[in-house]
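Engineer: Have a look at this one before I ask anything.
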């Protein structure tokens, strides 16, 4: 028979000081999951401007304001390019993208850890693999900052 | 011995599908980030660039599968999180219905967007 541990209800967040590594992994996975599904709905909403662009909908923008539009002065561009360029020109959006990367990388790495746990592989090291997920997420996120903030700070 | 602790029905297909989509998403989400932030840069994305990528049938199909797998995995995850928090009875049924409608709407909208990007509509 498999061995199990009764650590009490994890949903009782008030006792977070007693949580073990695996319980933190569970909470972080849940939190990052909420962020990612929330982002997916937002992502499709923003990308929906492609429907207007495909139908020839355009707007006038100042080319200098948009990182994805060449030239100078008032320029007519499709609504998709204008929307994405407008967002990517904002420092806060680039910063949020770094946050999204961190969230996605942790969810991927901890997800791999969970698939291993489900397969019964490396159960005795599940706490160590959680710490490894955290450290690797930090390293990948920091290493990506120059690429993500290019043109708005780097 | 602690009680069985899972929000999934024993032997359910949702449990298996959550893991199958997870294995697919690990690969495709990593590819998606790499493709649109390191190979191409998000700040340089234009409609013409997007169209060029989406006109490739293999890429188009992977993106549509990515949308469907991501929506199922994410919304099923939210549902399970709520069940874990003690959701039951009629509210559980209402939440399931709302999440199902939201998922279908997201997938339909996403496929419409993909078709527009690829120049198919």
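Just so you know, all these numbers are worked out from the coordinates, no wet-lab data involved. Everything quoted here is computed from the prediction, not taken from an experiment. Positions of Cβ are backbone-derived with ideal geometry, glycine not excepted, and every protein chain shown enters the neighbour counts.
Engineer: How high is the relative contact order of chain A, given as a whole-number percent (alpha carbon pairs under 8 Å, six or more residues apart)? Present the calculation step by step, with values, prior to reporting the outcome.
Structural biologist: Working: 127 pairs, mean separation 34.9, N = 154.
The value is 23 percent.
Engineer: Tell me the relative contact order for region B:29-112 as a rounded percent, counting alpha carbon contacts under 8 Å between residues six or more apart. Let's see the in-between values first.
Structural biologist: On the way: 20 pairs, mean separation 26.2, N = 84.
It comes to 31 percent, rounded to a whole number.
Engineer: Go ahead and run the numbers for FRET between residue A:59 and residue B:39, Cβ-Cβ distance against an R0 of 35 Å, rounding to 0.05. Could the numbers behind the result be given before it?
Structural biologist: On the way: r = 28 Å, r/R0 = 0.79.
Efficiency for this residue pair is about 0.80.
Engineer: Then there's this: Any chance you could run the full-extension gain for residue A:20 through residue A:125? It's 0.36 nm times the residue separation minus the Cα-Cα distance, nm to one decimal. Please list the in-between numbers first.
Structural biologist: Details: separation 105, 0.36 × 105 = 37.80 nm, distance 1.32 nm.
Length difference between fully extended and current span is 36.5 nm.
Engineer: Could you work out the helix-only [θ] at 222 nm for chain A, with each DSSP H run of four or more residues adding -39,500 (n - 2.57) and the total divided by the number of residues, to the nearest 500 deg cm²/dmol?
Structural biologist: On the way: 5 runs with 94 residues, N = 154.
About -21000 deg cm²/dmol.
Engineer: Mind checking the alpha-carbon convex hull of region A:96-154 and giving the volume per residue in Å³?
Structural biologist: Numbers: hull volume 3.6 nm³, N = 59.
Enclosed volume per residue, from the Cα hull, is 60 Å³.
Engineer: While we're looking at this one, here's another question. Please report the Cα spread of the protein assembly as shown along all three principal axes, rounded to whole Å, starting with the longest.
Structural biologist: On the principal axes, the protein assembly as shown reaches 70, 41, 35 Å in Cα extent.
Engineer: Could you compute the FRET efficiency for residue B:120 and residue A:76, with r as their C-beta to C-beta distance and R0 at 22 Å, rounded to 0.05? Before the final figure, lay out the partial values.
Structural biologist: Details: r = 25 Å, r/R0 = 1.13.
That gives a FRET efficiency of 0.35.
Engineer: Explain nothing, just the number: relative contact order of region A:90-153, from Cα pairs under 8 Å at least 6 residues apart, as a whole percent.
Structural biologist: Values: 35 pairs, mean separation 36.1, N = 64.
So the answer I get is 56 percent.
Engineer: What is the order of A:96, B:61, fewest Cβ neighbours within 10 Å to most? Display every interim value, and only then the final one.
Structural biologist: Details: A:96 14, B:61 11.
Lowest to highest Cβ neighbour count: B:61, A:96.
Engineer: So what are the radius of gyration and Dmax for the Cα set of region A:45-89, in Å?
Structural biologist: 9.8, 29
Engineer: Under Stokes-Einstein, with the Kirkwood radius over Cα pairs standing in for Rh, what whole-number D in µm²/s applies to region B:13-118 at 20 °C and 1.002 mPa s? Walk me through the numbers on the way to the answer.
Structural biologist: Values: Rh = 15.4 Å.
For the chosen part, D equals 139 µm²/s.
Engineer: Next question. For chain A, compute Rh as the Kirkwood radius over C-alpha pairs and then the Stokes-Einstein diffusion coefficient at 20 °C and 1.002 mPa s; write the answer in µm²/s, rounded to an integer.
Structural biologist: Details: Rh = 18.7 Å.
Translational D for this selection: 115 µm²/s.
Engineer: So for B:92, A:30, fewest C-beta neighbours within 10 Å to most, what's the order? Please list the in-between numbers first.
Structural biologist: Numbers: B:92 14, A:30 17.
With the fewest neighbours first, B:92, A:30 line up as B:92, A:30.
Engineer: For A:118-125, what's the mean count of beta carbons from other chains sitting within 10 Å of each residue's beta carbon? Intermediate results must be reported in sequence, preceding the final value.
Structural biologist: Details: counts 4, 1, 0, 0, 0, 0, 0, 0.
That average works out to 1.
Engineer: Moving on. Mind giving me the FRET efficiency for residue A:90 and residue B:57? R0 is 41 Å, r the Cβ-Cβ distance, nearest 0.05 is fine. Could you put the intermediate results ahead of the total?
Structural biologist: Numbers: r = 34 Å, r/R0 = 0.83.
Once the sixth-power term is evaluated, E becomes 0.75.
Engineer: Rounded to the nearest 500, what is the 222 nm mean residue ellipticity of chain B from helices alone, with -39500 (n - 2.57) per DSSP H run of 4+ residues and division by all residues? Mind dumping the intermediate values first?
Structural biologist: Values: 4 runs with 88 residues, N = 121.
Helix contribution divided over all residues of chain B: -25500 deg cm²/dmol.
Engineer: In what sequence do A:64, A:76 fall when counting other Cβ within 10 Å, fewest first?
Structural biologist: Numbers: A:64 12, A:76 9.
Least crowded to most crowded, the residues run A:76, A:64.
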